[in-house]
Amino acid sequence: MTRPEKAPLAWAATVLASEVSVDRGLREGGSPWLIRAAGQPAGVLRIAPRANAGHVRTEVAAMRHAARVGLPVPKVLGHDEGEASGFAVALTSYMAGSSRVPVEPDRKRLRMMGATAARISAVDVPTSASLPPRAGPIDDVDWSGLRRTRKAPAMLVRAAEAVERSKPTDTRLAFVHGDLWQGNMLWEGTDVTAILDWDASGLGSPGIDLGSVRFDAALFYGLSTVTEVLSGWEHESGRLAPDVAYWDVVAALASPPNMGSFQPAMAEQGRPDLTPELLNQRREEFLRQALSQLDVEQLAYGN
């Protein structure tokens, strides 16, 4: 097993006022790390290069806001942007649950995915000074640059062009997670016990998170499951979701030209059956449906 650097561990020991030991890496054998301290509950130590201090700052601000408004998130025990440890680190409480994704779709789970997205967008909006604006999922990544340099398939190119000439009808801003998928939720059965990894969060359209979980369902289970996710969102929010096709397209555009680079993360969540070929095929099917519906919506609204 690889181990974290000594300096972040020493920093965590100072925060916890106790010697710490490393239990295991929680993502592909590495950060975040499950750590233990004598006489205290387990903690989770996320370690990143100091250049990523802004991401840690965003994540900490988002988790603290989420906790204040009653969302299920880990408690922030401390964070350092590099002054003490030389790394960008965050120490949080450990929460029970599993992020592994079942092979077979479950209607209640799919609806819970949508409901979770709705709950995030329904809470009070934090001050704009604490979190950045977001136009789509994982907004810090230059997805358009990847499409230019890595031979994007024709469907992705078409999708990017469609978004350029379209605009959503609902312009309200909400609190968004920004990278919402099953691997960033902890589950007990069909209940979500925690929402993790808030470094892509900010202020944006509720459609960002709804599109993300619909795209996630399509990738893991196929196109037929996305309607259940939408039903969960609409039931929780008590209203029809606006601009669904637009945000579906935006969500799919926040993916690499070849979905093979997502495959290891999905395999780690218990789904090695999802081959790059299958993921590319499912994204194409998702986009084809979204683009067809977007054309209809744009004609209806005269955009």
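If only residues of segment 171-219 that are touching a Gly at 6+ places or on another chain (Cβ under 6 Å) and among the hydroxyl-bearing types (Ser, Thr, Tyr) are counted, the one that is farthest from residue 235 (Cα to Cα) is 201.
Only a single criterion out of (1) within 25 Å of residue 227 (Cα to Cα); (2) at pLDDT 95 or above; (3) not in a strand (DSSP E or B) is not satisfied by residue 198, namely (1). In the set 69, 103, only one residue is within 28 Å of residue 240 (Cα to Cα) and β-branched (Val, Ile, Thr); that residue is 69. In segment 19-39, the qualifying residues are those that are exposed (fewer than 14 other Cβ atoms within 10 Å of the Cβ) and farther than 30 Å from residue 262 by Cα, and the one that is nearest to the chain's Cα centre (by Cα) is 21. You will find that of 159, 152, the residue that is in the same structural domain as residue 242 (by TED's automatic domain parsing), surrounded by 15 or more Cβ atoms within 10 Å (Cβ to Cβ) and either touching a strand residue (DSSP E or B) at 6+ places or on another chain (Cβ under 7 Å) or part of a helix (DSSP H, G or I) (or both) is 159 and no other. Would you confirm whether or not segment 55-64 contains a residue that is basic (Lys, Arg), in contact (Cβ under 8 Å) with a residue 12 or more places away in the chain, out of contact with any strand residue (DSSP E or B) (no Cβ under 7 Å at 6 or more places or on another chain) and not assigned by TED's automatic domain parsing to the domain that holds residue 122? Checking segment 55-64: at least one residue is basic (Lys, Arg), in contact (Cβ under 8 Å) with a residue 12 or more places away in the chain, out of contact with any strand residue (DSSP E or B) (no Cβ under 7 Å at 6 or more places or on another chain) and not assigned by TED's automatic domain parsing to the domain that holds residue 122.
Candidates in segment 50-89 are the residues that are surrounded by 21 or more Cβ atoms within 10 Å (Cβ to Cβ) and charged (D, E, K, R); of these, the one that is nearest to the chain's Cα centre (by Cα) is 59. Based on this model, can you work out whether residue 37 counts as over 14 Å from residue 197 (Cβ atoms) and outside the structural domain of residue 186 (by TED's automatic domain parsing)? Against the criterion (over 14 Å from residue 197 (Cβ atoms) and outside the structural domain of residue 186 (by TED's automatic domain parsing)), residue 37 qualifies. When segment 214-241 is limited to residues that are of a type in the set (D, E, K, R) and either in contact (Cβ under 8 Å) with a residue 40 or more places away in the chain or in a helix (DSSP H, G or I) (or both), the one that is nearest to residue 264 (Cα to Cα) turns out to be 216.
For segment 228-246, what are the residues that are at positive phi and not small (Gly, Ala, Ser)? Of everything in segment 228-246, just one residue is at positive phi and not small (Gly, Ala, Ser), namely 243. Candidates 284, 236: the one that is within 13 Å of residue 117 (Cβ to Cβ), surrounded by fewer than 24 Cβ atoms within 10 Å (Cβ to Cβ) and charged (D, E, K, R) is 236. If only residues of segment 95-124 that are touching a Ser or Thr at 6+ places or on another chain (Cβ under 7 Å) and among the charged types (D, E, K, R) are counted, the one that is surrounded by the most Cβ atoms within 10 Å (Cβ to Cβ) is 109. Remark: residue 202 matches the filter, which requires a residue to be surrounded by 19 or more Cβ atoms within 10 Å (Cβ to Cβ), in the same structural domain as residue 149 (by TED's automatic domain parsing) and within 19 Å of residue 71 (Cβ to Cβ). Looking at this structure, is residue 261 surrounded by 14 or more Cβ atoms within 10 Å (Cβ to Cβ), closer than 23 Å to residue 147 by Cβ, modelled with pLDDT under 95 and among the hydroxyl-bearing types (Ser, Thr, Tyr)? Taking the combined requirement at face value, the residue satisfies it.
Here is a list of conditions, (1) within 14 Å of residue 120 (Cα to Cα); (2) touching a residue at least 40 places away in the same chain (Cβ under 8 Å), and residue 248 meets all of them except one; can you say which number that is? Failed condition: (1). Checking each residue in segment 154-171 for being of a type in the set (Val, Ile, Thr) and under 15 Å from residue 208 (Cα atoms) picks out 163, 169, 171.
The values are calculated or read from the model by the stated rules, or taken from the named source; none is laboratory data. These numbers were taken from a predicted model, which means no experiment stands behind them. Cβ atoms come from the backbone with ideal geometry, glycine included; neighbour counts cover every protein chain shown.
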